[in-house]
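One structure is given here, and the rest of the page talks about it.
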Amino acid sequence: MIRFTLALFLFVVPAAAHATDAGWALLRDGGHVVLLRHAMVTGTADPANFDIGNCATQVNLSARGKQQASKIGALFAARAAPIERVLSSRYCRCLDTARIAFETEPEPFAPLDLLKGDDPGKPAQIAAVMKEIRAYSGSDNLVMVTHLEDIVALTGVSPREGEAVIVEPQGDGLRVLGRVTF
């Protein structure tokens with residue numbers, strides 16, 4: 001069993017590194033949309049007294065998350081991945097990830113807020129994000145900092161905290177072109 005686990009690990013690690021290298025190649029070329037899951041946080045769920053305008057009532061970036069966000073920005077710069085625009089969920093963990101990583105004030109974009117499974121506005125929220133992605137035609141990259149649930153709903157991919165998923169419109173949905181892990 002140990003040999004099987006080790007062999008599986010050795011098989012998966014190079015594949016992940018290859019996926020990351022391919023993702024960086026796409027980002028260096030520019031003109032892509034990046035769905036970036038916020039960096040590591042302090043908890044798992046926002047408290048009952050959640051207020052979108054008050055960071056003290058939200059799950060926020062942990063110390064490791066702040067370091068991870070800084071690393072994301074440093075790697076974008078080191079890999080010469082040009083950023084044209086940064087949109088973010090209005091949640092503090094997303095705004096802070098964007099601020100730390102890209103050293104700019106992101107544009108708050110409510111449709112990137114956390115999707116809730118039973119929210120009747122969910123289809124309209126997804127449609128607004130899709131409209132923004134379809135409308136993008138810049139030569140540099142558009143980064144959209146959001147949440148796990150949003151990325152899963154849009155792509156079917158389940159990224160880790162701080163992972164980037166590079167997408168393009170395809171038919172009624174999105175096609176995943178690459179991923180970058182930090």
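The values are calculated or read from the model by the stated rules, or taken from the named source; none is laboratory data. This is a predicted model, so every value here is computed, not measured. Ideal geometry is used to build each Cβ from the backbone, glycine not excepted, and the neighbour counts take in all protein chains shown. Accessible surface areas use protein heavy atoms only, side chains included; no ligands, DNA or RNA. Shrake-Rupley method; radii C 1.70, N 1.55, O 1.52, S 1.80 Å.
Overview of results
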item: Euclidean distance between Cα centres, region 54-82 to region 32-47, Å; result: 10 Å
item: Hits among lysines - C-alpha to C-alpha of Lys131 under 28 Å, sequence gap 8 or more where chains match; result: Lys116, Lys122
item: Paramagnetic reach from Phe50 (point 7 Å along Cα→Cβ, amide N under 14 Å) across region 127-153; result: 147-150
item: Angstrom value of the Kirkwood radius, inverse mean 1/r, which spans all Cα pairs in region 131-182; result: 11.7 Å
item: Cα-projected label distance for Val152 with Glu105, points at 7 Å along beta-carbon direction, nm; result: 3.4 nm
item: Cβ-placed point charges (K, R +1; D, E -1), dipole of the chain about Cα centre in debye, nearest 20; result: 520 debye
item: Rounded Å value of the spacing that divides the Cα centres of region 107-133 and region 151-177; result: 14 Å
item: HN-Hα J in Hz across region 105-118 - Karplus 6.51, -1.76, 1.60, θ = phi - 60°, x for Gly and Pro; result: 7, x, 7, x, 9, 3, x, 8, 4, 4, 6, 10, x, 9
item: Any cysteine of the chain lacking a neighbouring Cys Cβ under 4.7 Å - listed by number; result: Cys94
item: Value of relative contact order over the chain, rounded to a whole percent, pairs C-alpha under 8 Å and six or more apart; result: 31 percent
item: Among Ala56, Ser89, Gln67 - extreme Cα towards positive end, dipole of region 52-113, charges at beta-carbon; result: Gln67
item: Estimated Rh, region 24-91: Kirkwood, alpha-carbon pairs, angstrom; result: 13.8 Å
item: Computed [θ] at 222 nm, deg cm²/dmol, the chain (DSSP H ≥ 4; -39,500 (n - 2.57); rounded to nearest 500); result: -14000 deg cm²/dmol
item: Region 34-139, accessible surface, carbon-and-sulfur percent (1.4 angstrom probe); result: 53 percent
item: The chain: translational diffusion in µm²/s, Stokes-Einstein, Kirkwood Rh over Cα pairs, 37 °C, 0.692 mPa s; result: 195 µm²/s
item: Label-to-label distance, nm, for residues given as Asp29 and Arg79 (7 Å Cα→Cβ offset); result: 1.4 nm
item: Per-selection Kirkwood Rh - region 80-182 (Cα, Å, 1 d.p.); result: 14.0 Å
item: Region 79-133 - convex hull of alpha carbons, volume per residue in Å³; result: 94 Å³
item: Theoretical gain in end-to-end length, Asp21 to Asp118 [0.36 nm per residue, Cα-Cα removed]; result: 31.2 nm
